[in-house]
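One structure is given here, and the rest of the page talks about it.
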Amino acid sequence: MTMIEWSNELKLGVPAMDAEHRQLLKLTNDFLTAAGEHAPFPRLTHIMGELIARTRIHFQAEETLLDRAAYPGLAGHKAEHGRLLVEAQRLYERFTTLDDTLGPDQDAARALTLEAAQFLQRWLVDHIIADDRPYRPYVLRLT
Ligand SMILES: [Fe+2]
Ligand SMILES: [Fe+2]
């Protein structure tokens, strides 16, 4: 699995958000590493659960900040956060079901791991670049 590297393209220059994005990126890389090492599914499920929990906290913090900054794209941004969480939660629930039926579902489990890895690789990076970057000037004006 290819790790995601922190880059200037991902950096917003908003320290609190950058710190949270880096933390989410680290958890995503933990998942990718574990998936690449064929770690047991409970471990993958655990990392994914942690990632979703931290993401929820990050999204809330970000939305509060965007509200303070009177960001005009806030409603759409919130909706996108909601969509990402629903998708992540669905994947997580499929993982928890697999834990009980690991033996006969080996192929399905591997396929799900790959699907989750691809989703995580794209959701974080794509969301930061496409949806988070545009709020930058509004938030920077706050200080
Ligand atoms: Fe966001
Ligand atoms: Fe964000």
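Computed from the coordinates by the stated procedures, all read-outs in this text should not be read as laboratory data. Fair warning: this is a prediction, and the values are worked out from it, not measured in the lab. FYI the Cβ positions are ideal-geometry reconstructions off the backbone, even for glycines, and counts take in every protein chain you see.
What is the dipole size for region 15-140, taken about its Cα centre, with +1 at each Lys and Arg Cβ and -1 at each Asp and Glu Cβ, in debye to the nearest 20?
300 debye
Extending each Cα 7 Å along its Cβ direction at residue 8 and residue 67, get the distance between those two points in nm, one decimal.
So the label points at residue 8 and residue 67 sit 3.5 nm apart.
Considering the dipole of region 15-140 built from charges on the beta carbon (Lys and Arg +1, Asp and Glu -1) around the Cα centre, which of 52, 76, 31 is farthest to its positive end?
Sorting the options by dipole projection puts first 76.
How high is the relative contact order of the chain, in percent, counting Cα pairs under 8 Å that sit 6 or more residues apart?
Result for the chain is 35 percent.
How many times 2.2 N^0.38 Å is the alpha carbon radius of gyration of region 12-84?
1.29
Roughly what would the spin-label model give for residue 79 and residue 96, points 7 Å off Cα along C-beta, in nm?
2.9 nm
Restricting to DSSP H runs of at least four residues, report the calculated mean residue ellipticity at 222 nm for the chain, -39500 (n - 2.57) per run over all residues, nearest 500 deg cm²/dmol.
Calculated at 222 nm, the ellipticity per residue is -25000 deg cm²/dmol.
Based on the alpha-carbon set only, what is the convex hull volume of the chain divided per residue, in Å³?
90 Å³
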